[in-house]
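Okay, so here's the structure we're looking at.
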Amino acid sequence: KGVNMERFAEEADVVIVGGGPAGLSAAIRLKQLAAEHSKEIRVCLVEKASQIGAHTLSGACLEPRSLEELFPDWKKRGAPLNTPVTEDKFGILTKNSRIPVPILPGLPMVNHGNYIVRLGHFVSWLGEQAEALGVEIYPGYAAAEVLFHEDGSVKGIATNDVGIQKDGAPKATFERGLELHAKVTVFAEGCHGHLAKQLYKKYNLREKCQPQSYGIGLKELWTIDEKKWKPGRVEHTVGWPLDRHTYGGSFLYHLNEGEPLVALGFVVGLDYQNPYLNPFREFQRWKHHPSVQPTLEGGTRIAYGARALNEGGFQSIPKLTFPGGLLIGCSPGLMNVPKIKGTHTAMKSGMLASEAIFSQLINENLQSKTIGLDVQEYEENLKKSWVWKELYAVRNIRPSCHSILGVYGGMIYTGIFYWLLRGMEPWTLKHPGPDFAQLKPAKDCTPIEYPKPDGKISFDLLSSVALSGTNHEHDQPAHLTLRDDSIPVNRNLAIFDGPEQRFCPAGVYEYIPLEAGEGSRLQINAQNCVHCKTCDIKDPSQNINWVVPEGGGGPAYNGM
C-alpha cells in the first residue's frame, strides 16, 4: 500500500539478455550492419553481473575463427589474446601414473592455431568494442521476467525489483524494475538460463530434441614458480580420480600474461550416478596427482570459481526461434563437447542472429503475423553454417561414453569412427535421459572417502568461495527457491543422502540438525551462490528453481 508500483518502460529495436561472447557479438554485429547501411538501430544489452565479464568463467582455449569474422583487425584493436598455443598434451591418469595419448591431426582436441585466454578479460574487451559502436550496455541489471504481447509473442523483458526485504516487504530504497520492449529480444543467458527455461515450456521448443546434458566445471588460477612455467602449453587428462562410468577430465593451461600464471580446472559430467560424489573434492584430490602437484608446489592460488556447461551437443539443440525472440550461444547449448569449446560457436550464432534480425528490421514490405518479429531465417542460416557442420560431426562422441567401457569407450569411438569417418557415420547415438534422473539411491552406492585438504595444494570449500569475490545483498528474498519445502528432507536426504550438499561448488546447501528433537533441515546459504546453476540441473527431485537475485550480486571474477 502507498508504494508506486508502476514500471518505467524503454523502447528499443533489439534487447539482448546477457553480456557474454554470444550476446556481445550479436550486439556488435547489429551495430556494424546499421553503420554499413546508414540505419539507426537502438540496441540495449542487460547483464546481471556488476561489470561485463565478472560472471564469465571458462578454461579457456579460444578458437579465433568467429573473432576473425567479426573484427578482422582484432590484433590492432588490442584483443587480449596473449598466449598462442605452442604445445598440446593429452593423457590418461591412473592413481600414480600418466599414460600419454597421441593427439592425431584432425581430432577435435588439436589446439594448433588457438589461443589460451582469460575469457572474462576477452568479454570485457568485447564490451568496450560494443559500447564504442553505440550499444547501450546495462551491467548490474538482472532480467527477471519475460514480457508478452496479447498475441503471445515476446514483447521484451523486465529487470527485477530492488530494495525488498527477505520476507518480501519493501525497504525504504524499494524500486520497481525497468521494462525494456523490443521488436526482437535475444536470449544469450549462457548455460541453463532461467528465462530460457520458461521459454522452452511456453513455446514447446524442446519438443523435437533430446534433454540437455550438462557438466560442472571448477577452475582455479595460480601463480607458479617461474622455472615450471611453460607459456602456451595446454594439457588435458581423463581417468583418475573418476571411475570409467563418470564422464569428466582436467585441464591445465600455461598463460602468458606477464607473470607465471596457470589456469587449471576439472569438469565432471552431471549425469554421474553416485550421490556421494563431490565434484569440488574430486578437483582438489586431482591436484595431488604426481603429474600435477609438482607444477603447483611453491605456487599461490589466486582465484576460484565454477560454472555449469552444456554437454548435450547436436542432439539437444532446441528450436531456436519463436515470435518476438530467439536463443543464441550456450543458452540453447552450442558447445563442441570433445573440443571443449563453445566461445567460437556462441559468437557465430550471435552474428548470424543479428544478420537475420537486421534484414527483417530494414525490410519495409515485411508482413509479420505477430507484433514481436519471428526471425526464422536465423535458424535456417545457422543450419547452413560451419557451426552446424561442426556440431553434427562430433555428435556421437559424448554419448558414446555411455557404453560398458565408459569414457574409454568414447575414446575408442573417437579414434575409430571420428578419425576415419569425420562424423559421417549414418547413425546418431542418444543420451540416456536428463542428468537429474541418473542419480542412484544412496543405499545402492559406495560412499567416497576424500582426503583432507592440506592447505597448500588442496583447500576447503569456504576458503575457495572467498576467492570468487561472491557477494549478495543479504536482506533480499532468496534466489534459490524450493517448489516444496518438505522434499529436501523427505526425499533428497532420505533416498539420496542429500546430494545438494556435495554437488554445489559453493557450500550453499547444508543439512543441519534440528534445534529441538531428532532429524535435520536444509539450510540455504544463498549469499555464497556463484551462479553456476548446478543445483537447478542436478537436484534429483527438480525442486530447486534458480531465479535471479538483485542485479550486481554473485561472483566478481577477474579474468576467469
Over region 239-387, calculate the relative contact order: mean separation of alpha carbon pairs under 8 Å at least 6 apart, over the residue count, as a percent.
16 percent
Would you be so kind as to identify which of Pro275, Tyr413, Trp386 lies farthest towards the positive end of the dipole of the chain, taking Lys and Arg as +1 and Asp and Glu as -1 on Cβ and the Cα centre as origin?
Tyr413
For Phe148, net neighbour charge (Lys/Arg +1, Asp/Glu -1) across residues whose Cβ lies under 11 Å away:
-1
With x for Gly and Pro, the residue-by-residue ³J(HN,Hα) of region 424-431, computed from phi through the Karplus equation 6.51 cos²θ - 1.76 cosθ + 1.60 at θ = phi - 60° and given in whole Hz, is 8, 4, x, 10, 10, 6, 9, 7
In the chain, with Lys and Arg counted as +1 and Asp and Glu as -1 at Cβ, which of these residues, Leu70, Pro294, Met351, has the Cα nearest the positive end of the dipole, that is, farthest along it?
Pro294
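Name the shape class, rounded, prolate or oblate, that the alpha-carbon gyration tensor gives for region 369-474, where a ≥ b ≥ c are the square roots of its eigenvalues, rounded holds for a/c under 1.5, and otherwise prolate holds if a/b is larger than b/c and oblate otherwise. Don't jump to the answer; show the numbers that get you there.
On the way: a/c = 2.18, a/b = 1.32, b/c = 1.65.
It is oblate, given that a/c is not under 1.5 and a/b is not larger than b/c.
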Span per principal axis, largest first, for the Cα atoms of the chain (Å)
67, 64, 48
Averaged per residue, what accessible surface does the chain expose to a 1.4 Å probe, in Å²?
41 Å²
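If the only charges are +1 at each Lys and Arg Cβ and -1 at each Asp and Glu Cβ, what is the size of the charge dipole of the chain around the Cα centre, to the nearest 20 debye?
Once rounded to the nearest 20, the dipole reads 1480 debye.
When only the heavy atoms of the protein chains count and the probe is 1.4 Å, how do Lys533, Lys383 rank by accessible area, highest first?
Listed by decreasing accessible area, they come as Lys383, Lys533.
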Whichever lysines have a C-alpha closer than 18 Å to that of Lys384, once near sequence neighbours (fewer than 8 apart) are set aside
Lys319, Lys348
Label-point gap, in nm, between Glu518 and Asp73 - each point 7 angstrom along Cα→Cβ
7.5 nm
May I ask you to derive the relative contact order of region 291-341, considering only C-alpha pairs under 8 Å and at least 6 residues apart, and to give it as an integer percent?
36 percent
Proximal charge balance of Glu510 [Cβ under 11 Å; K/R count +1, D/E count -1]:
+1
Accessible area of Val292, 1.4 Å probe, to the nearest 10 Å²?
10 Å²
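Please work out whether region 251-383 counts as rounded, prolate or oblate from its C-alpha gyration tensor, where a ≥ b ≥ c are the square roots of the eigenvalues and a/c under 1.5 means rounded, while otherwise a/b larger than b/c means prolate and anything else oblate? Can you show the working numbers first?
On the way: a/c = 3.85, a/b = 2.27, b/c = 1.69.
Cα axes put region 251-383 in the prolate bin.
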The distance between the Cα centres of region 358-424 and region 60-106, in whole Å, is 22 Å
For region 452-468 and region 133-169, write down the distance between their C-alpha centroids in whole Å.
36 Å
Toy charge model, Lys and Arg Cβ at +1, Asp and Glu Cβ at -1: region 407-527 dipole around Cα centroid in debye, rounded to 20, equals 560 debye
Extension gain (nm, one decimal) between Asn96 and Leu429, 0.36 nm per residue minus Cα-Cα:
116.5 nm
Provide the net charge surrounding Asn274, with neighbours chosen by a C-beta distance below 14 Å and charges set as Lys +1, Arg +1, Asp -1, Glu -1.
-1
Average Cα contact separation per residue, the chain, under 8 Å, 6 or more apart, as relative contact order %:
20 percent
Quick check: Cα centre of region 511-560 to Cα centre of region 177-227, how many Å?
18 Å
Restricting to DSSP H runs of at least four residues, report the calculated mean residue ellipticity at 222 nm for the chain, -39500 (n - 2.57) per run over all residues, nearest 500 deg cm²/dmol.
-6000 deg cm²/dmol
Counting only backbone N atoms under 14 Å from a point 7 Å out along Cα-to-Cβ of Leu107, the residues of region 213-238 in range are 235-238
Quick one: which residues, 5+ away or cross-chain, put their amide H under 5 Å from the amide H of Ala9? H built at 1.01 Å from N.
Glu179
From the protein chains alone at 1.4 Å, what is the descending order of accessible area for Leu462, Leu439, largest first?
Leu462, Leu439
Relative to the Cα centre, what is the charge dipole magnitude of region 160-254, using +1 at the beta carbon of each Lys and Arg, -1 at the beta carbon of each Asp and Glu, and rounding to the nearest 20 debye?
280 debye
So how do 536-545, 384-393 stack up, highest first, on mean other-Cβ count within 10 Å?
536-545, 384-393
With a cut-off of 12 Å, note down the residues of region 223-247 whose backbone N falls inside the zone around a label point 7 Å from the Cα of Ser291 toward its beta carbon.
235-241
Distance in nm between label sites at Glu449 and Lys389, each 7 Å beyond Cα in the beta-carbon direction?
5.4 nm
Percent accessible area from carbon and sulfur atoms, the chain, protein chains only, probe 1.4 Å
53 percent
For His192, the residues 5 or more places away or on another chain with a placed amide H closer than 5 Å to its own amide H are none
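The values are calculated or read from the model by the stated rules, or taken from the named source; none is laboratory data. Because the structure is a prediction, the values reported are computed rather than measured. Here the Cβ is made from the backbone with ideal geometry for all residues, glycine too, and neighbour counts use every protein chain on show. Please note that ligands, DNA and RNA were not included when accessible areas were found on the heavy atoms of the full protein model with its side chains. Shrake-Rupley method; radii C 1.70, N 1.55, O 1.52, S 1.80 Å.
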